[in-house]
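A short reminder: the numbers here are calculations on the coordinates, not readings from a lab. Keep in mind it's a predicted model, so treat the numbers as computed, not measured. Heads up, the Cβs are rebuilt from the backbone with ideal geometry, glycines too, and the neighbour counts pull from every protein chain shown.
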């Protein structure tokens, strides 16, 4: 219904919303749901866009897909809604030590990983929360504890990577492999693909000076 004007499609679970409320004192315009969606439209005709968005909200609420919603057209309210999504990372830093995972998964499986991770970790984790870019199938899985725990990390990894591989996801979505994940690329890519990427990298960057150490495992 919003195809040509849709510019953002974000989701947050209720635990994320509780964190921004409790740690950052942000107010939630809607409450009482396990999930929250932030939709933004950016067409060329504001009156047309607002009409389409209002029609969309009316439709999904009538269908039972959505239980409550609000529409923002003023800059102040727009910024307020976006702050609920954009300041989740900040709220997490106030919750303790954070274990972060940037994954992509089939949309129909997106939240199953969160449920299974909560069940696996139980009370050893303080919070297991998630948010992400729903249109891209991008999940930000975040786990907090009071302080760093090596035993907790062992319970998380490689479980998260194995689960992601089982459903043909990627262990690294929008933020790249970095220093750490390059050693786990086999959960997303076969060895032949890694070898090909190494060859392309060597051809374009023979001296290894572009983003050194952060992209691929060293040639064996």
Q: Mind sorting 76, 100, 201 by how few other Cβ atoms lie within 10 Å of their own Cβ, fewest first?
A: 76, 100, 201
Q. Based on the Cβ-Cβ distance from residue 136 to residue 5, what FRET efficiency comes out when R0 is 22 Å, to the nearest 0.05?
A. 0.80
**Q.** Extended-chain gain in nm, criterion 0.36 nm per residue less alpha-carbon gap, residue 119 and residue 76
**A.** 11.6 nm
Q) When N counts the residues of segment 3-89, how does its alpha-carbon radius of gyration compare numerically with 2.2 N^0.38 Å, as a ratio? A) 1.11
(Q) Using the Cα atoms of segment 125-220, I'd like the radius of gyration and the largest Cα-Cα distance, Dmax, both in angstrom. (A) 15.5, 46
(Q) Which three extents, in angstrom, do the Cα atoms of segment 103-148 have along their principal axes, listed largest first? (A) 33, 17, 10
Q: Could you work out the Kirkwood radius for the chain, taking every pair of different alpha carbons, averaging 1/r and inverting it, reported in Å?
A: 19.6
Q.
I need the calculated FRET efficiency for the pair residue 26 and residue 100, taking r as the beta carbon distance and R₀ as 22 Å, to the nearest 0.05.
A. 0.60
Q: Mind jotting down the distance between the C-alpha centroids of segment 134-188 and segment 7-31, whole Å?
A: 23
Q: With viscosity set to 0.890 mPa s and temperature to 25 °C, compute the Stokes-Einstein D of segment 95-175, Rh being the Kirkwood radius across alpha carbon pairs; µm²/s, no decimals.
A: 195
Q: Quote to one decimal, in nm, the extra length available between residue 59 and residue 166 on full extension: 0.36 nm per residue of separation minus the C-alpha distance between them.
A: 34.9 nm
Q) What 222 nm value per residue comes from the helices of the chain, counting each DSSP H run with n ≥ 4 as -39,500 (n - 2.57) and dividing by all residues, nearest 500 deg cm²/dmol? A) -11500 deg cm²/dmol
**Q.** Length-normalised contact order for segment 3-89 - Cα pairs under 8 Å, 6+ apart - percent
**A.** 37
Q | Linear extension gain, residue 14 paired with residue 195, 0.36 nm per residue minus alpha-carbon span | A | 61.0 nm
